[in-house]
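**Student:** Have a look at the structure that comes next, please.
What follows draws every value from the coordinates through simple rules; no lab data is involved. Just so it is clear, the structure is predicted and the values come from calculations on it, not from any experiment. Cβ atoms come from the backbone with ideal geometry, glycine included; neighbour counts cover every protein chain shown.
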Amino acid sequence: MTDHWGVGRAIFGGKTVEVPCTVEIERTAEYFFANAIPEGIELRPGDRVLVHGTPDHVEFGEKRAFATTATVYLAGPIERFWTRWSALFEVTELYHCGFEPKEVAA
């Protein structure tokens, strides 16, 4: 593990880790997605992942999976707390999605 930030990073953010990563990309009529799966590390709230060496274009009808590397920025205690706290308010936004009955046309 490599820590580029010193003591301040230990309080506000954690360590920086390079890990192997599997990337799956599919662009077909049925699916359009990309998954990056960092290996050998557990991701927790506030952690960030930067995947290296991904293709910039995938043709229609193509499905690809390949191995690459990723940099994982592990959140420190304060950043992890803030992520969990602010996520509570983000979830409540979902409660306000229009389930009210439609108005009757006159």
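**Student:** For every other residue with a beta carbon closer than 15 angstrom to the beta carbon of E24, add +1 if it is Lys or Arg and -1 if Asp or Glu, then tell me the sum.
**Tutor:** Summing Lys and Arg as +1 and Asp and Glu as -1 gives -1.
**Student:** Go ahead and run the numbers for FRET between E62 and V19, Cβ-Cβ distance against an R0 of 25 Å, rounding to 0.05.
**Tutor:** 0.45
**Student:** How about the range 29-69: which GluC sites (Glu not before Pro) there lie in a loop by DSSP and see at most 15 other Cβ atoms within 10 Å?
**Tutor:** Listed in order of number, the matching sites are E30, E39, E42, E59.
**Student:** Here's something else I'd like to know. Summing Lys, Arg as +1 and Asp, Glu as -1, what charge do residues with Cβ under 14 Å from the Cβ of K63 carry, K63 excluded?
**Tutor:** Every neighbour counted, the sum reads -3.
**Student:** Please tell me the relative contact order of the range 8-91 in percent, rounded to the nearest whole number, where contacts are Cα pairs under 8 Å and at least six residues apart.
**Tutor:** 43
**Student:** When Lys and Arg each count +1 and Asp and Glu each count -1, what net charge do the other residues less than 15 Å away from P38, Cβ to Cβ, add up to?
**Tutor:** -2
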